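The values are calculated or read from the model by the stated rules, or taken from the named source; none is laboratory data. These numbers come from a predicted model, not from an experiment. Cβ atoms come from the backbone with ideal geometry, glycine included; neighbour counts cover every protein chain shown.
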Amino acid sequence: MDINEQYYEDFYFSLIKFQYRFYRDMAKNQGKIIFKDIGFPQELILGAGLMPVIVESMIGLLPPTLLNEKGFDKANSIFYDTGSCSFHRLALSAIHNNLVELPNAFIGLNACQEVVNDFFVISNEHQIPFYAVDLPYERTEDAVLYVEKQYEETFEKLCKLSSEGVKYSKLIETIKLSNAASNYFRKANSIRKEYPGLIYGGPMLKFVNLVMMFGTEGALQVAREYYETCSRYAQSGERKVNLKCKILWCNMGINYDDKFYEYIEKELGAMIVIEEFNILPEVEISTDNPFLGLAKRTLNTSFISDARLRAENLVKLANDYDVDGVVFFSHMNCRFFNSKFNILKKYLNEKGIPIIELSGDCIDKRSYNRAQLITRLEAFVEMIS
């Protein structure tokens, strides 16, 4: 794929380099690798002296041959059928085929039942510990305390796996790094809110990978660079294009056709001014009681929340960023996100906020039809402009 550097900021390439260096060190950390889902706090793993590997980000670790049609067919032939999430099918079949080293444990939130089931199956097969964290449906103070206790217990188990014993000094250091990165990230997002069109939003859809590595020095550096870039553009008054309309993007997006986003933003003039996955809860994690702060953050994370709370968060985002419409990307076979779309659509429509659903697979391009998606988007942009 040809890279149009004018579409990407320097901090985007800093993220790519950081991810490469981070996962390259898997070879140096054998015996300390933990596979986790997108929701479990990586700070607890880092604070225990272990290395978190996010299953939804593992596409960067896998050989290109696994990302083609034969690779998916091979994944399907094991037991990860086509009715399941392609992220998990590829990642866990890569483990099954010894393409990546076995982790020392699996950890997942039961918000996504599919990843919990997959982790359970493969942990049993290889006799590897699996820790599941139960998230209550209701978001109450009792729920926060319930999750806090589970996080503390899980941290103690992780410390035993690392053979270093329970040492809170490393966790406190990790929390400080995470808080610093989060603050830079929030400040950058606030600048984008005040000055829409400063940067293109398409590349930012990959920045959920950065958020999932907060607690490391590398992630802090990239977050700082993101903020400094937005601040510099705001001071100079630079804009990318003349906005035709402003878009809020929900969920992740396709990973194999960045030209798709370029067309949306540069040709249609529909700027992605903010991405739901890049909005961080306004929760400062206290070093005095990090487990409580992490529990509050988890239960207030928009895409992990129940449908009603997520809908309310989307309305707030739409109003705060003064968007003209919302694009909801339905990742194929993602029951956790896709099942909520109709509820979200009804709620947003009641508030007068247009929303469109685009369907596709984030990493499996076999059913991808760019022309079809663009046709739908062009009609949507015409309607909301």
Checklist entry - Among the candidates Lys266, Lys176, which residue alone is in contact with a Ser or Thr (Cβ under 7 Å, 6 or more places away or on another chain) and surrounded by fewer than 20 Cβ atoms within 10 Å (Cβ to Cβ)? => result Lys176
Item to check | Among (1) out of contact with any Cys (no Cβ under 8 Å at 6 or more places or on another chain); (2) hydrophobic (A, V, I, L, M, F, W, C); (3) at pLDDT 90 or above, the one test that Leu67 misses | outcome: (3)
Checklist entry - If the Cβ limit is 8 Å and pairs must be 6+ apart or interchain, which residue in region 361-385 that is more than 28 Å from Met58 (Cβ to Cβ) and touching a residue at least 60 places away in the same chain (Cβ under 8 Å) pairs with which residue that is charged (D, E, K, R) and surrounded by fewer than 19 Cβ atoms within 10 Å (Cβ to Cβ)? => result Val381/Lys244; Ser385/Lys244
Item to check | Hey, Met252 surrounded by 17 or more Cβ atoms within 10 Å (Cβ to Cβ) and under 15 Å from the mean Cα position of the chain (by Cα) or not | outcome: yes
Checklist outcome for this item: Taking region 96-122 and keeping residues within 16 Å of Lys32 (Cα to Cα) and either in a helix (DSSP H, G or I) or of a type in the set (Gly, Ala, Ser) (or both) leaves Ala105
Next on the checklist: Restricting to region 331-343, and then to whatever is touching a residue at least 24 places away in the same chain (Cβ under 8 Å) and over 15 Å from Ser305 (Cβ atoms), can you tell me which residue is surrounded by the fewest Cβ atoms within 10 Å (Cβ to Cβ)?
Outcome noted: Arg335
Checklist entry - Counting just the residues of region 130-149 that are of a type outside the set (Ser, Thr, Tyr) and under 11 Å from Ile107 (Cβ atoms), which one comes out surrounded by the fewest Cβ atoms within 10 Å (Cβ to Cβ)? => result Phe130
Item to check | Members of region 170-201 that are touching a strand residue (DSSP E or B) at 6+ places or on another chain (Cβ under 6 Å) and closer than 13 Å to Ile274 by Cβ | outcome: Pro196, Gly197, Gly201
Item to check | Restricting region 189-247 to residues that are aromatic (Phe, Trp, Tyr) and in a helix (DSSP H, G or I), the residue that is surrounded by the most Cβ atoms within 10 Å (Cβ to Cβ) | outcome: Tyr226
Item to check | Subset tally (residues that are modelled with pLDDT of 85 or more, touching a strand residue (DSSP E or B) at 6+ places or on another chain (Cβ under 8 Å) and of a type outside the set (D, E, K, R)) for region 337-367 | outcome: 11
Checklist outcome for this item: Residue set Phe328, Phe303; condition in a helix (DSSP H, G or I) and not β-branched (Val, Ile, Thr); output residue Phe303
Next on the checklist: Looking for something in contact with a helix residue (DSSP H, G or I) (Cβ under 9 Å, 6 or more places away or on another chain), crowded, with 20+ Cβ neighbours inside 10 Å and more than 30 Å from Tyr256 (Cβ to Cβ) - is there at least one such residue anywhere in region 157-165?
Outcome noted: yes
Checklist entry - In region 284-314, which residues are modelled with pLDDT of 90 or more and surrounded by fewer than 18 Cβ atoms within 10 Å (Cβ to Cβ)? => result Ser286, Thr287, Asp288, Asn289, Asn300, Glu312
Item to check | Number of the condition not met by Lys346 [criteria: (1) surrounded by fewer than 17 Cβ atoms within 10 Å (Cβ to Cβ); (2) not in a helix (DSSP H, G or I)] | outcome: (2)
Checklist entry - Restricting attention to region 339-354, does a residue exist that is small (Gly, Ala, Ser) and at negative phi? => result yes
Checklist outcome for this item: Of the residues in region 349-375, those that are of a type in the set (S, T, N, Q) and surrounded by 12 or more Cβ atoms within 10 Å (Cβ to Cβ) number 2
